[in-house]
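Below is one structure; the comments refer to it alone.
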Amino acid sequence: MRTKILNMLKNQGDCLSGEKISRELSVSRTAIWKHINALKKEGYKIEASPRRGYRLSWAPDLLIPKEISGKLDTKIFGHEIHHFSSIDTTNNEAKKIAELGCSEGTVVLAEAQYIGKGRMSRGWFSPKEKGIWMSIILKPPFSPFDAPKCTLLAAVAIVKAIKRVVNVKCDIKWPNDILYHGKKLVGILAEMSAEIERIGYIVIGMGINVNIDQNEFPPELQEIATSLLTVTGHSVSRLELLCAILSELEESYYRAIEEGFSPILDEWRQLSSTLGQNVNVIGAKLTFNGKALDIDDDGALLVETVNGIQRVIAGDVSIRPSKT
Ligand code: BTN
């Protein structure tokens, strides 16, 4: 009911009489008054005038289900949302939820994470209400070998959503770091539960640095990380960006199920800052230098080295500055 009242206030823009809300939602004026007070306690600024009714003058940029539902244009993704004001890591929570059984496209969101997880056992800086710290649960009908391509797909979808919402053009460092002028804006961490032939579920965790002031990053990240606030010079609506990401992700995902990954891999190639560069690869067993040539049909990076072409399926890649 509260969500419905909120959405009516948002759609109206101007004053909305208590009588109209009461008629449309078939609830008493007293019940509406109670919901309005509860919304005010949650941080919404609602002006009330006895003759003209209620007017929403300001809404907090919180990633709560009732805010998201009014803006989301997806068919499936984000229709089930688990929201936390603070949690250890959304990826672990998503895995617990997936184990208990949930629908595909279920989303776990936190305003802050206190043990945010990054790739290669690193941490992820996740300050309160400053970014999008989200995990989405997918149950793709693919073989586990196709799973890494889902993270490439997520990277492409996020780059497109950022372009759509704030008109900022980012690029992708293999496999799925999203960078702006060489600094990390978004990280993706995928975790999977699978049998030999089929995926049970994949949790795709995304950390998007939205409204983090540059000097708020810990000293070790100052030079290597960035945020949309730094890049654009203004704060960005996390809500709008989140909805755009879910929408792009849903579209790409179901397209991959129908048409295969080939179009996504092509889009990834277009957005890549890795291909054509001299790179240093830190793999599970080997570290080597070479030139990144392409990704293959499995999303593995093909690197030309003195010992021939190496196929990298997992690891960390850094771009080596070209000698002038
Ligand atoms: C990376 O190291 O590049 C991956 C970072 C992934 C961070 C996100 S934030 C939401 C989700 N929960 C986590 O603990 N990690 C991912």
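The values are calculated or read from the model by the stated rules, or taken from the named source; none is laboratory data. Fair warning: this is a prediction, and the values are worked out from it, not measured in the lab. Here the Cβ is made from the backbone with ideal geometry for all residues, glycine too, and neighbour counts use every protein chain on show.
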Given the criteria closer than 23 Å to S235 by Cβ and among the acidic types (D, E), does E216 qualify?
yes
Among (1) surrounded by fewer than 19 Cβ atoms within 10 Å (Cβ to Cβ); (2) at pLDDT 95 or above; (3) on the phi > 0 side of the Ramachandran plot, F84 falls short only on (3)
Name the single residue that is farthest from the ligand (Cβ to nearest atom) among those in region 131-148 being in a loop (DSSP other than H, G, I, E, B), out of contact with any helix residue (DSSP H, G or I) (no Cβ under 7 Å at 6 or more places or on another chain) and not hydroxyl-bearing (S, T, Y).
F142
Out of the residues in region 216-233 that are away from the ligand (no atom under 16 Å from the Cβ) and of a type in the set (S, T, Y), state the one that is surrounded by the most Cβ atoms within 10 Å (Cβ to Cβ).
T230
Does at least one position in region 193-211 carry a residue that is at pLDDT 95 or above, within 27 Å of E93 (Cβ to Cβ) and assigned to a loop (DSSP other than H, G, I, E, B)?
yes
Given V306, V236, V312, which one is out of contact with any helix residue (DSSP H, G or I) (no Cβ under 6 Å at 6 or more places or on another chain), of a type in the set (A, V, I, L, M) and surrounded by 18 or more Cβ atoms within 10 Å (Cβ to Cβ)?
V312
Inside region 293-310, can you point out the residues that are in contact (Cβ under 8 Å) with a residue 12 or more places away in the chain, assigned to a strand (DSSP E or B) and within 25 Å of K184 (Cβ to Cβ)?
L293, D294, I295, L301, V303, Q310
Go through region 60-76 and give me each residue that's under 21 Å from A38 (Cα atoms), among the hydrophobic types (A, V, I, L, M, F, W, C) and either surrounded by fewer than 18 Cβ atoms within 10 Å (Cβ to Cβ) or free of Cβ contacts under 8 Å to residues at least 24 places away in the same chain (or both).
I64
Give the residue that is farthest from N176 (Cα to Cα), with candidates limited to residues of region 98-119 that are within 8 Å of the ligand (Cβ to nearest atom) and small (G, A, S).
A110
Where the second residue is polar (S, T, N, Q) and surrounded by fewer than 20 Cβ atoms within 10 Å (Cβ to Cβ) and the first is closer than 23 Å to F142 by Cα and lies in region 77-105, which pairs have Cβ atoms under 6 Å and are six or more apart or on separate chains?
E80/S103
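Residue-wise test of (1) surrounded by fewer than 18 Cβ atoms within 10 Å (Cβ to Cβ); (2) of a type outside the set (A, V, I, L, M); (3) near the ligand (Cβ under 10 Å from one of its atoms).
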residue	(1), (2), (3)
S121	yes, yes, yes
E129	yes, yes, no
G207	no, yes, yes
Q214	yes, yes, no
